[in-house]
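K.L.:
What follows is a single structure, and I will ask about it in a moment.
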Amino acid sequence: MSVVKRLYLAGAAALVIAAILLYTLAWPAWQQQLTQQESERLAQLVANARPAAPQNRLNPQRMLADLNWLAHPDRQGRKPGTDGGIAARNWLAQQFADIGLQSAGTDGYLQPFSVAEHFVFSRWIAGKSATVPAAENAANVLGLLPGTNPALKPIVLTAHYDHLGSHDGELFAGADDNASGVATLLELARYFRQQPIAHPLLFVALDAEEGGLQGAVALFEHQLLQPEQLAFNVNMDMLSRDTNQLLFAVGSYQQPWLTPLLQTLQQQSSVKIIAGHDRPWYQAGNTQDWTLSSDHGVFFQQQVPFIYFGVADHEDYHSVRDTADKVDTDFYLQVSETILSFIQALDQHLNQG
Ligand SMILES: [Zn+2]
């Protein structure tokens, strides 16, 4: 072996050792530093939030009645294609009709589709997760409310109505996840029917979110929606309880123009709004990134601008204890009022832009 070759080998070995050292020593330290920075940023947002007085444009009795209906044991946890899931979507289509929304599915208000076999995660189901078999008869529910300016593209409001069903005789009611988001979706439809904004609003109750966002995928896969024909997606998933009374807004990292909008929103909101959980690992270290955590992720992948409103995972998340009696009524109502204010501000902002 020549001297030059030996030098090359030694150099290569040194590089490999340096890379290993960098990976085992510097990388975790770097990630830890980023995580620390991000949690300090979020803590500062919490500390600086100045909640405003509560608002009361929405009807709390009606919202809670809808939430209770969806989370009732008779709905059997609303697993896609089951009797409970089918009852829920037929009821939702009837609600859309009663409110006066135009049908916007492929079969009236419904967009039937089939779900592929998938996994759902739960710490509380035996084996820590469950395989959900493929099902033929899932369906999204879509209703359109025209705006005052017919030239504008619709803002799409989404909330998934499916949940985990039952496992080993135990019922997963899914009150917070996501009867809460759907009940808000319905009440917002009633409100905007009376007080229309410039943009058309497309109300979508999605099926098969749990384990793969398959309802949102079906919207685009079967070309019911074209990404370039949509103005924006507002996704609501888990709105009704949070130990720290925080409402998370995900998407201002991808759409920085949302930041001033959220700052103004905070001045009108009686809950604390935290913009975060949307930064990648090279910005936020080990802080969870929720960009793909619910149906808004599919809109993001389709390059439709989005925001996701929701609470942090709580101890009853995906457990049999996520029941309607755990709902924090005042917090839930004010979260819904905040989302209403956001949609109005978004409507004005997009109209000016
Ligand atoms: Zn959910």
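The values are calculated or read from the model by the stated rules, or taken from the named source; none is laboratory data. All values derive from a computational prediction rather than experimental measurement. Cβ sites come from the backbone with ideal geometry, for glycine too, and all protein chains shown count toward neighbours.
K.L.:
Of all residues in the range 231-268, which are hydrophobic (A, V, I, L, M, F, W, C) and away from the ligand (no atom under 16 Å from the Cβ)?
P.N.:
ALA231, PHE232, LEU246, ALA249, TRP257, LEU258, LEU261, LEU262, LEU265
K.L.:
Which one of the conditions (1) surrounded by fewer than 24 Cβ atoms within 10 Å (Cβ to Cβ); (2) away from the ligand (no atom under 16 Å from the Cβ); (3) closer than 22 Å to VAL311 by Cα does GLY212 fail to meet, given that it meets all the rest?
P.N.:
Tallying (1) surrounded by fewer than 24 Cβ atoms within 10 Å (Cβ to Cβ); (2) away from the ligand (no atom under 16 Å from the Cβ); (3) closer than 22 Å to VAL311 by Cα, GLY212 fails exactly one: (2).
K.L.:
Confirm whether PHE203 is away from the ligand (no atom under 16 Å from the Cβ) and crowded, with 24+ Cβ neighbours inside 10 Å.
P.N.:
yes
K.L.:
How about the range 133-188: which strands (runs of 3 or more DSSP E) wholly inside it have at least 3 residues that are away from the ligand (no atom under 15 Å from the Cβ), modelled with pLDDT under 95 and more than 13 Å from LEU70 (Cα to Cα)?
P.N.:
Because the criterion is at least 3 residues that are away from the ligand (no atom under 15 Å from the Cβ), modelled with pLDDT under 95 and more than 13 Å from LEU70 (Cα to Cα), the strands (runs of 3 or more DSSP E) in the range 133-188 that meet it are 135-145.
K.L.:
Now for a separate question. For the range 82-103, what are the residues that are part of a loop (DSSP other than H, G, I, E, B) and either β-branched (Val, Ile, Thr) or crowded, with 22+ Cβ neighbours inside 10 Å (or both)?
P.N.:
Listed by number, the residues that qualify are THR82, LEU101.
K.L.:
If a residue has to be surrounded by fewer than 20 Cβ atoms within 10 Å (Cβ to Cβ) and acidic (Asp, Glu) to count, how many in the range 246-291 make the cut?
P.N.:
Of the residues in the range 246-291, 1 are surrounded by fewer than 20 Cβ atoms within 10 Å (Cβ to Cβ) and acidic (Asp, Glu).
K.L.:
Within the range 157-185, count every residue that is among the aliphatic types (A, V, I, L, M), under 21 Å from the mean Cα position of the chain (by Cα) and surrounded by fewer than 24 Cβ atoms within 10 Å (Cβ to Cβ).
P.N.:
Residues in the range 157-185 being among the aliphatic types (A, V, I, L, M), under 21 Å from the mean Cα position of the chain (by Cα) and surrounded by fewer than 24 Cβ atoms within 10 Å (Cβ to Cβ): 0 in total.
K.L.:
Let me ask something else about it. Answer yes if at least one residue in the range 48-64 is in a helix (DSSP H, G or I), of a type outside the set (D, E, K, R) and modelled with pLDDT under 95, and no otherwise.
P.N.:
yes
K.L.:
Ok, one more. Cβ-Cβ under 8 Å, sequence separation 6+ or interchain: first residue in the range 160-176 and under 13 Å from ASP322 (Cβ atoms), partner surrounded by fewer than 24 Cβ atoms within 10 Å (Cβ to Cβ) and among the basic types (Lys, Arg). Which pairs?
P.N.:
Cβ pairs passing all conditions: ALA175/LYS326; ASP176/ARG241; ASP176/LYS326.
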